[in-house]
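What follows is calculated from the coordinates using simple rules that are stated; it is not laboratory data. Source: prediction; values computed, not measured. With ideal geometry, Cβ positions are generated from the backbone for all residues, glycine too; neighbour counts draw on all protein chains shown.
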Amino acid sequence: MKSVFLEHVQQLSDAISRGAIASGARLPTHRDYAYQHKIAPGTVARIYAELVRQGLATGEVGRGTFARLPEITPRDIGTGLNEEGAPRSDVIDLTLNYPVLTDQTDRLRDALRFLAEDPKAARYLAYQPHGGALEDREQIAAYAQSSGLGAVEPDSIVLTQGGQHGIALALMSLLKPGSRVACESLTYPGFKIAAEQFGIELIPVICDSQGIDPADLHQVCLEHKVKALYCMPTVQNPRGYTMPEERRLEILRVAEQHGLIVLEDSAYSFLDENAPPPMAQLAPEHVVYIDSFSKIIAPGLRAGYLSTANHKWAALLARGVRVTTWSAMPFAMGLVARWLNDGTVERWAGHKRQHARRLQQLVRSQLPSMMEVEAHPSAFHSLLHLTNPWRADDFTVALAREGVAVSPARAFAVVRAGRPSPPEAVRIAFGGVSDVDLRTALVRLRRRWEDPFSISTVS
């Protein structure tokens with residue numbers, strides 16, 4: 001049972017986050033709030049102090065405590081794009097992770113010509129089985145097996161329209177509104193939004209440099225009756241770590257002990273050639289593997305798949321496809337199959353790993369040596385930890401004024417009373433910008449970090 005303190009912190013933080021209490025609104029005095037809710041004024045002081053710690057309120061001597069809605073939310077990621085979805089010329093966008101290689105457009109033209117001449121082209125215009133056509137699932141099963149999943153049957157595969165669709169399918173098909181899902185304390189914002197949409201309550205789990213803390217996950221399960229775990233064990237977003245195999249096994253033991261459905265997001269797994277076996281290979285009956293071709297090929301393709309050896313779950317997931325899109329887009333899967341067969345996907349993956357390693361070296365060379373940075377050596381993103389007096393939201397706004405868009409840690413954070421607050425950090429993503437723009441952005445970022453009291457000027 002929640003304590004009075006935690007209950008009121010949760011109620012107020014939820015009200016501020018969803019706008020029921022407007023940002024800037026003055027909260028009742030300690031005495032008034034205590035009288036209204038029949039609690040001690042000292043408890044109210046602790047409640048307000050916790051809201052300030054979470055960045056959801058500010059206290060002003062002699063004036064009171066005021067609600068403070070974070071200026072940046074998950075929905076604000078992508079501020080470097082205009083209304084048409086194209087990059088804004090006045091902003092260097094370090095918020096979106098979409099590395100596209102220079103030859104990909106030419107390869108697309110070639111593949112489109114190939115598909116247009118395919119004797120079976122009519123099938124791209126016809127209804128497909130909800131989980132995907134058998135030949136497509138066979139192709140993806142072979143790819144999944146080559147990606148380290150071990151023996152994968154076509155019946156274990158459900159085709160999707162990308163990773164975000166796969167996450168939504170898993171939440172809506174395998175869980176009920178009100179279910180509680182454990183996740184990394186900093187996690188993919190698209191997962192947070194999907195959970196909110198389906199009425200799923202998220203419980204953050206403490207993480208260290210190797211990933212989720214198994215002991216804390218166990219404690220969370222005991223306290224909150226968690227039904228599932230969502231995690232990104234390889235090249236995690238935003239922190240970049242890859243869980244060692246022993247840590248994965250520890251997590252899976254806790255999951256099995258508590259009967260959790262494990263949702264393993266592998267969006268960036270292709271970037272780590274030496275990653276341990278996927279959790280889906282270590283415990284296939286307990287894991288739903290979520291993969292996408294958005295990063296390894298291109299985000300506009302909208303193609304991906306789910307894999308699980310639990311056939312009951314696979315049937316429920318295929319039913320979810322019917323509810324949402326009837327089937328994955330066969331034309332997109334045709335492109336994927338073409339590029340898998342001729343080795344294009346494997347070649348692009350190698351090129352992107354090399355490109356990411358080079359960019360990580362560039363980023364490291366331009367950032368202050370004293371700045372704490374979390375990143376995988378072949379990832380297209382880094383988490384930069386700030387020092388006083390900077391707060392992540394304020395640093396994000398300061399950089400925006402200089403024409404650089406970054407993502408504050410709060411956009412990735414799952415905030416809950418009684419759990420650690422998100423770090424004062426920002427994520428930069430650099431797969432979609434030129435070297436020149438990246439260097440320019442890093443110069444501005446370094447200048448603001450080193451001299452927080454200077455006047456912003458774009459150069």
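The helix-only estimate of mean residue ellipticity at 222 nm for the chain, built from DSSP H runs of length n ≥ 4 each weighted as -39500 (n - 2.57), is -12500 deg cm²/dmol after division by the residue total. In the chain, taking the dipole from charged Cβ atoms about the Cα centre, the farthest positive-side position among Gln139, Val404, Leu252 is held by Val404.
Among the DSSP beta bridges whose two residues both lie in the range 104-342, what percent are antiparallel, rounded to the nearest 5? Can you show the working numbers first?
Details: 10 of 26 bridges.
If we restrict to bridges inside the range 104-342, about 40 percent are antiparallel.
For the range 301-385, GluC sites (Glu not before Pro) are listed when DSSP marks them as loop and at most 14 other Cβ atoms sit within 10 Å of their Cβ; the list is empty. For the range 104-342, the relative contact order is 27 percent, taking Cα pairs closer than 8 Å that sit 6 or more residues apart in sequence and dividing their mean separation by the residue count. The mean sequence distance of close C-alpha pairs (under 8 Å, at least 6 residues apart), as a share of the length of the chain, puts its relative contact order at 20 percent. Each residue in Phe430, Phe395, Phe5 was given a count of other beta-carbon atoms within 10 angstrom of its own, and listing them fewest first yields Phe5, Phe395, Phe430.
Chymotrypsin sites (Phe, Trp or Tyr not before Pro), restricted to the range 119-160: which are DSSP loop and have at most 14 other Cβ atoms within 10 Å? Don't skip to the end; give the middle numbers.
Details: sites: Tyr124, Tyr127, Tyr143; in loops: Tyr127.
Of the chymotrypsin sites (Phe, Trp or Tyr not before Pro), the ones in loops of the range 119-160 whose Cβ has at most 14 other Cβ atoms within 10 Å are Tyr127.
Using only the Cα atoms of the range 103-191, build the gyration tensor, take square roots of its eigenvalues as a ≥ b ≥ c, and label the shape rounded, prolate or oblate: rounded if a/c is under 1.5, else prolate if a/b is larger than b/c, else oblate.
Working: a/c = 1.97, a/b = 1.77, b/c = 1.12.
In terms of gyration-tensor shape, prolate.
Please rank Phe270, Phe331, fewest neighbouring Cβ atoms within 10 Å first, as an exposure proxy. All intermediate terms of the calculation are to be shown ahead of the outcome.
Working: Phe270 23, Phe331 15.
Taking fewest neighbouring Cβ atoms as first place, the list is Phe331, Phe270.
Placing unit charges on the Cβ atoms of the charged side chains and taking the dipole of the range 4-67 about its Cα centre, the candidate lying farthest along the positive direction among Ala34, Gly62, Ala45 is Gly62. Kirkwood-type hydrodynamic radius, the range 315-420: 18.2 Å, calculated from all non-identical alpha-carbon pairs. Give the separation of the Cα centroids, the range 269-327 to the range 328-381, in Å. The two parts, judged by their Cα centres, are 19 Å apart. For the range 4-67, the relative contact order comes to 41 percent (Cα pairs under 8 Å, sequence separation of at least 6).
Loop-located GluC sites (Glu not before Pro) across the range 104-143 with a Cβ neighbour count of 14 or fewer within 10 Å are Glu117, with loop assigned by DSSP.
The equivalent ellipsoid of the range 182-243 has semi-axes of 18, 16, 7 Å, largest first, where each one is the square root of 5 times an eigenvalue of the Cα gyration tensor. Rounded to the nearest 20, the Cβ-based charge dipole of the range 258-363 about its Cα centre (Lys and Arg +1, Asp and Glu -1) stands at 340 debye.
Here the chain carries DSSP beta bridges of which approximately 60% are antiparallel, counting only pairs with both residues inside.
Taking the number of other C-beta atoms within 10 Å as the exposure measure, put Thr187, Thr325 in order starting with the fewest. Please report the intermediate quantities before stating the final value.
Numbers: Thr187 25, Thr325 15.
With the fewest neighbours first, Thr187, Thr325 line up as Thr325, Thr187.
In the range 264-384, what percentage of the DSSP-assigned beta bridges are antiparallel, given to the nearest 5?
Working: 6 of 8 bridges.
Of the beta bridges lying entirely in the range 264-384, close to 75 percent run antiparallel.
Beyond 40 Å, what share of the Cα-Cα pairs of the chain remains, rounded to the nearest whole percent? Let's see the in-between values first.
Numbers: 23593 of 105111 pairs.
Summing the P(r) tail past 40 Å for the chain gives 22 percent.
State whether the range 104-342 is rounded, prolate or oblate according to the following rule on the C-alpha gyration tensor (a ≥ b ≥ c being the square roots of its eigenvalues): a/c under 1.5 gives rounded; otherwise a/b larger than b/c gives prolate, and the remaining case gives oblate. Prolate is the answer for the range 104-342, as a/c is 1.5 or above and a/b outweighs b/c. The convex hull drawn around the Cα atoms of the range 4-67, when projected onto a plane and averaged over every direction, covers 3.9 nm².
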